[in-house]
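One structure below.
The values are calculated or read from the model by the stated rules, or taken from the named source; none is laboratory data. Source: prediction; values computed, not measured. Positions of Cβ are generated from backbone atoms using ideal geometry, with glycine treated the same way; all protein chains shown enter the neighbour counts. Surface areas here come from the heavy atoms of the whole protein model, side chains and all, with no ligands, DNA or RNA. Shrake-Rupley method; radii C 1.70, N 1.55, O 1.52, S 1.80 Å.
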Amino acid sequence: IATGRLLEHVPGVAKIGRMAVHAALRGSGAGAAVLQALAGAARERGDREVILHAQDSAVGFYRRMGFAAFGPAFEEAGIPHQAMSLRPA
(Lines give C-alpha, C1' and ligand atoms only; values in the text may rest on other atoms or scores of the structure.)
Protein backbone atom coordinates (compact mmCIF):
# COMPACT_ATOMS: atom_id res chain seq x y z
CA ILE A 1 0.00 0.00 0.00
CA ALA A 2 2.66 2.53 1.12
CA THR A 3 6.27 2.41 2.22
CA GLY A 4 9.15 4.56 3.40
CA ARG A 5 12.45 4.20 5.19
CA LEU A 6 14.13 6.07 8.01
CA LEU A 7 17.90 6.35 8.21
CA GLU A 8 20.30 8.30 10.38
CA HIS A 9 21.68 11.05 8.12
CA VAL A 10 24.07 12.37 10.78
CA PRO A 11 23.76 12.05 14.57
CA GLY A 12 20.50 13.71 15.62
CA VAL A 13 19.20 14.10 12.06
CA ALA A 14 17.00 11.46 10.44
CA LYS A 15 16.48 11.12 6.70
CA ILE A 16 13.31 9.73 5.18
CA GLY A 17 13.63 8.12 1.80
CA ARG A 18 11.95 5.72 -0.60
CA MET A 19 8.47 7.06 0.19
CA ALA A 20 5.94 5.53 -2.17
CA VAL A 21 2.19 4.94 -2.25
CA HIS A 22 0.43 2.63 -4.68
CA ALA A 23 -1.04 4.88 -7.40
CA ALA A 24 -4.60 3.66 -6.77
CA LEU A 25 -4.33 4.62 -3.09
CA ARG A 26 -2.82 8.09 -3.35
CA GLY A 27 -4.95 10.54 -1.41
CA SER A 28 -6.23 7.79 0.90
CA GLY A 29 -4.10 8.82 3.88
CA ALA A 30 -1.74 5.86 3.59
CA GLY A 31 1.26 8.06 2.75
CA ALA A 32 0.46 10.43 5.60
CA ALA A 33 0.26 7.49 8.01
CA VAL A 34 3.65 6.16 6.91
CA LEU A 35 5.23 9.63 7.10
CA GLN A 36 3.79 10.25 10.58
CA ALA A 37 5.04 6.86 11.77
CA LEU A 38 8.55 7.53 10.44
CA ALA A 39 8.66 11.03 11.97
CA GLY A 40 7.38 9.55 15.26
CA ALA A 41 10.12 6.92 15.23
CA ALA A 42 12.70 9.66 14.65
CA ARG A 43 11.30 11.66 17.58
CA GLU A 44 11.29 8.59 19.84
CA ARG A 45 14.95 7.87 19.15
CA GLY A 46 15.80 11.49 19.94
CA ASP A 47 16.41 12.96 16.50
CA ARG A 48 16.07 16.74 16.52
CA GLU A 49 15.34 17.05 12.79
CA VAL A 50 13.97 14.96 9.93
CA ILE A 51 15.01 15.73 6.35
CA LEU A 52 13.98 14.35 2.98
CA HIS A 53 14.38 14.99 -0.74
CA ALA A 54 10.89 15.58 -2.15
CA GLN A 55 10.11 15.14 -5.81
CA ASP A 56 8.63 18.41 -7.09
CA SER A 57 5.25 16.73 -7.55
CA ALA A 58 5.16 15.83 -3.82
CA VAL A 59 6.36 19.12 -2.28
CA GLY A 60 2.78 20.19 -1.50
CA PHE A 61 2.09 16.91 0.33
CA TYR A 62 5.17 17.32 2.52
CA ARG A 63 4.33 20.98 3.22
CA ARG A 64 0.86 19.94 4.39
CA MET A 65 2.60 17.43 6.68
CA GLY A 66 4.66 20.22 8.30
CA PHE A 67 7.89 20.04 6.30
CA ALA A 68 9.59 23.24 5.13
CA ALA A 69 11.72 23.61 2.01
CA PHE A 70 15.35 24.65 2.31
CA GLY A 71 18.10 25.30 -0.21
CA PRO A 72 17.75 25.42 -3.97
CA ALA A 73 15.89 22.85 -6.05
CA PHE A 74 18.10 20.16 -7.57
CA GLU A 75 17.95 17.16 -9.85
CA GLU A 76 18.27 13.64 -8.51
CA ALA A 77 17.97 10.59 -10.78
CA GLY A 78 16.78 12.88 -13.57
CA ILE A 79 13.84 14.20 -11.48
CA PRO A 80 13.53 17.71 -9.96
CA HIS A 81 13.67 17.60 -6.15
CA GLN A 82 13.54 19.95 -3.17
CA ALA A 83 15.23 19.37 0.19
CA MET A 84 12.78 19.68 3.08
CA SER A 85 12.98 19.45 6.87
CA LEU A 86 10.79 18.94 9.91
CA ARG A 87 11.58 19.45 13.57
CA PRO A 88 9.55 16.77 15.41
CA ALA A 89 7.54 18.10 18.35
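Things worth noting here:
- Low-density loop cleavage sites - chymotrypsin sites (Phe, Trp or Tyr not before Pro) in the chain, where at most 15 other Cβ are within 10 Å (DSSP): Phe70
- Theoretical ellipticity at 222 nm over the chain - DSSP helices of four or more residues, -39500 (n - 2.57) apiece, nearest 500: -7000 deg cm²/dmol
- Accessible surface of the chain [probe 1.4 Å, protein heavy atoms]: carbon and sulfur percent: 53 percent
- Label-to-label distance for Arg87 and Phe74 is 2.3 nm, based on points extended 7 Å past Cα in the beta-carbon direction.
- Computed over protein heavy atoms with a 1.4 Å probe, the accessible surface of the range 31-89 works out to 57 Å² per residue.
- Protection proxy ranking for 75-87, 39-51, using the average of other Cβ atoms within 10 Å per residue and placing the highest first: 39-51, 75-87.
- Only Lys, Arg (+1) and Asp, Glu (-1) charged, at Cβ; the chain dipole about Cα centre in debye: 240 debye
- Amide hydrogen neighbours beyond the local backbone of Met19, cut-off 5 Å, H modeled: Arg5
- Overall form of the range 35-88 per C-alpha gyration tensor (a/c, 1.5; a/b vs b/c): prolate
- Label point distance in nm, Leu25-Arg63, each placed 7 Å from Cα along Cα→Cβ: 2.7 nm
- Overall form of the range 1-51: prolate. Here a/c, set by the Cα gyration tensor axes a ≥ b ≥ c, is 1.5 or more, and a/b is the larger of a/b and b/c.
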